[in-house]
1. Go through region 40-78 residue by residue and tally those that are under 19 Å from residue 30 (Cβ atoms) and of a type in the set (D, E, K, R).
2. Could you list, ordered by first residue, the pairs with Cβ atoms under 8 Å in which the first is in region 21-40 and touching a residue at least 60 places away in the same chain (Cβ under 8 Å) and the second is among the hydrophobic types (A, V, I, L, M, F, W, C) and in a helix (DSSP H, G or I), at least 6 apart or interchain?
3. When you scan region 34-48, do you find a residue that is at pLDDT 85 or above, more than 30 Å from residue 135 (Cβ to Cβ), among the hydrophobic types (A, V, I, L, M, F, W, C) and open to solvent by less than 50 Å² (accessible area, probe 1.4 Å), even just one?
Amino acid sequence: MLTTGSHVMEPSPQAARPVTYVWGNIQGSLQIIWAIALVLLAVAGLIRGVAHFKMYVILFVSAALYLLVGIGILRKRSYALVLVCVCMILTIVMYYQLLFALPSRSDLLPVARTLYWIFSFFYYLRRRRDLKSGW
């Protein structure tokens, strides 16, 4: 019970319940699945010999980044917020690079990916007090 002067206030049942982490669990799992898919894609490309060396490096680095993001999000670590910010910035830069390189092409996938990372960043920024430091 809370007391304010002469009044006694009962705590609301909603205030006692912890806020759920549903989006964090979903996104963390998706990032790990996406990282595994990128590794499989890179390995398949290596076996078939269909892509350039630069593409393999990009796929493996992206997979490592997404794996770290997924683990950090699932474990509620503060470094996940930093990595989500990095992913958001990289996605925005790649999207605008695509717009300038191919101005006549209008795909919604880059827009969706950009919005995904922007909304994710603000979600974890708002929940930063729930995140723990360390690995």
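1. Final tally of qualifying residues: 3.
2. Qualifying pairs under 8 Å: 24/73; 24/74; 27/73.
3. Yes: one or more hits.
The values are calculated or read from the model by the stated rules, or taken from the named source; none is laboratory data. Keep in mind the model is a prediction, meaning the values are calculated, not measured. Note that we place each Cβ from the backbone using ideal geometry, even for glycine, and neighbour counts take in every protein chain shown. The area values use the complete protein model at the heavy-atom level, side chains included, leaving out ligands, DNA and RNA. Shrake-Rupley method; radii C 1.70, N 1.55, O 1.52, S 1.80 Å.
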